[in-house]
Every structure is written in C-alpha cells, then in structure tokens.
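One structure is given below, encoded as structure tokens.
The values are calculated or read from the model by the stated rules, or taken from the named source; none is laboratory data. Quantities reported herein were computed from a predicted structural model and do not represent experimental measurements. Cβ atoms come from the backbone with ideal geometry, glycine included; neighbour counts cover every protein chain shown. Accessible surface is based on the protein model in full, side chains and every heavy atom, while ligands, DNA and RNA are left aside. Shrake-Rupley method; radii C 1.70, N 1.55, O 1.52, S 1.80 Å.
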Amino acid sequence: MPEETARPSEPEAPARRPRTALLLGLAGGILALDLVTKLVVVATLSDREPLRLLGGVLYLTEARNTGAAFSFAEGATVVFTLIALVVVVVIVRVARRLFSTGWAVALGLVLGGAVGNLVDRVFRDPGFLRGGVVDFLSLFDPYGRVWPIFNVADSAIVCGGVLGAVLAVRGIEFDGSRGRSEDGTDGTVDEEAPAAPTERD
C-alpha cells in the first residue's frame, strides 16, 4: 500500500497576551507624574498668590480637597478613600484577563489616578484616611469659581472613565471581543449551524 503522505500542519495562531503590562505601566506613569507635580506645588506654591498662565486660561494654585475628584462632596474623605481602595483592588484583579488595549488604557488611567489621590488621603494631614488631596489646576479663575480646582490624578480618572464609557457603548469587552455585532447579534459564531451551500463545478 502506498505510504500516506503527511499533511502539513497549519501554523498555530500566536497566543494573545494580557494587556497587564500596558495597564500597570500607564498607571505607574500617571502615579509618578501626579506625585511629582504635587510635591513641586507644595514646595513652591504654598502661601503664594496663584500663578497666571496662558493669558488667564489656567492658574496654578494650591488647594486641599477632602472630597472626590474636582472637589465633589467635600467632607466625605473616609468614604471616598474606601471607594478608591475597592476600585484599585477590582482593577488589579481584572488585569490578568484583560486583552483589550482600549480597556487597558482606560483602566490604567483610572488606576493611576485613584492611587495618586489615595496616597494623599493616607499620608497627608489631617490624618490617616482623612488626608486632603493636593489640587492645583484651576481654569479661567484662580480660586476655582468657574471650574473646580483639580490635579493630574483627577484628570486621569475622568479621561479613563470617559474612555471606558465609550468602549462599553461600542460593546467592546475586556477580552477585546464585541458583545454585539452591527446586525444586533451577539458577535459569537454558532459552530453547530450548517455551513452555507457552495456552488459545484
């Protein structure tokens, strides 16, 4: 009997890697930038008049915030500290099964911002879990009367939240797949469905 010829094996698709490194790298960059800018602000702007930049579009002024991002709900420091801790834990747990670049960027921004403000709440006065977050960016007014004074961490949290909302509306999952295709189906392939007939020669 003629020997059977071995059929060439199909090349294996490269294994996808989680976007954990991107998420953590971006979060680390945001955290470093946030901490450095706050240290510079405390060292140079304390007890000084606001610094006017860009013709009055932007002011640099030191302020302490005991609420959420953009001075929302001041006085609830402990509550927002605990919320930030929960957010950090959830994002770190999700990171291992994250294959979407978009979600890695969104969650990296939120994680870096959350940790940046969390450091202030833990280590700054008036005490543990109640520390005032250092804010220093004010738009169109030196004292936050047009827009609440904010910092790098606040900006990262908001940008990450907006990007996450866009991804969710588009139906993009953490694994990079789409939850719904354009025709309204769930985007998955039914392996049991019969194949479409093909024309015979």
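Filtered by the rule that a residue be open to solvent by 80 Å² or more (accessible area, probe 1.4 Å) and free of Cβ contacts under 8 Å to residues at least 40 places away in the same chain, region 52-64 gives a lone residue, L54.
For beta carbons closer than 8 Å, sequence separation of 6+ or different chains, a first residue in region 123-142 that is within 19 Å of L58 (Cβ to Cβ) and at pLDDT 85 or above and a second that is among the basic types (K, R) and exposed (fewer than 15 other Cβ atoms within 10 Å of the Cβ), the qualifying pairs are P142/R52. Within region 123-136, identify whether any single residue is open to solvent by 40 Å² or more (accessible area, probe 1.4 Å), in a helix (DSSP H, G or I) and hydrophobic (A, V, I, L, M, F, W, C), and answer yes or no. Yes, because at least one residue in region 123-136 is open to solvent by 40 Å² or more (accessible area, probe 1.4 Å), in a helix (DSSP H, G or I) and hydrophobic (A, V, I, L, M, F, W, C).
Give region 36-47 a look and list any residue that's out of contact with any Asp or Glu (no Cβ under 8 Å at 6 or more places or on another chain) and surrounded by 18 or more Cβ atoms within 10 Å (Cβ to Cβ), or say none. T37 - this is the single residue of region 36-47 that is out of contact with any Asp or Glu (no Cβ under 8 Å at 6 or more places or on another chain) and surrounded by 18 or more Cβ atoms within 10 Å (Cβ to Cβ).
Does L33 count as open to solvent by 70 Å² or more (accessible area, probe 1.4 Å) and modelled with pLDDT of 95 or more? For L33, the condition - open to solvent by 70 Å² or more (accessible area, probe 1.4 Å) and modelled with pLDDT of 95 or more - is met. So which residues in region 85-130 are farther than 17 Å from G160 by Cα and touching a strand residue (DSSP E or B) at 6+ places or on another chain (Cβ under 6 Å)? Scanning region 85-130 gives a single hit, D120. Taking the criterion of being surrounded by fewer than 15 Cβ atoms within 10 Å (Cβ to Cβ) and part of a helix (DSSP H, G or I), the residues of region 162-183 that qualify are V162, A165, V166, A168, V169. Taking the stated definitions as given, is V158 in contact (Cβ under 8 Å) with a residue 60 or more places away in the chain, part of a helix (DSSP H, G or I) and open to solvent by 50 Å² or more (accessible area, probe 1.4 Å)? Spelling it out, V158 is indeed in contact (Cβ under 8 Å) with a residue 60 or more places away in the chain, part of a helix (DSSP H, G or I) and open to solvent by 50 Å² or more (accessible area, probe 1.4 Å). If I filter region 100-111 for residues that are β-branched (V, I, T), in a helix (DSSP H, G or I), open to solvent by 60 Å² or more (accessible area, probe 1.4 Å) and at pLDDT below 90, do I get at least one hit? No, that holds for no residue.
If you go through region 89-99 one residue at a time, how many are part of a helix (DSSP H, G or I), open to solvent by 10 Å² or more (accessible area, probe 1.4 Å) and of a type outside the set (V, I, T)? Result for region 89-99: 3.
Within the span defined as region 20-30, every residue fails to be closer than 29 Å to L139 by Cα and over 15 Å from the mean Cα position of the chain (by Cα).
Taking the conditions (1) crowded, with 24+ Cβ neighbours inside 10 Å; (2) within 10 Å of the chain's Cα centre (by Cα) in turn, I149 satisfies each one other than (2).
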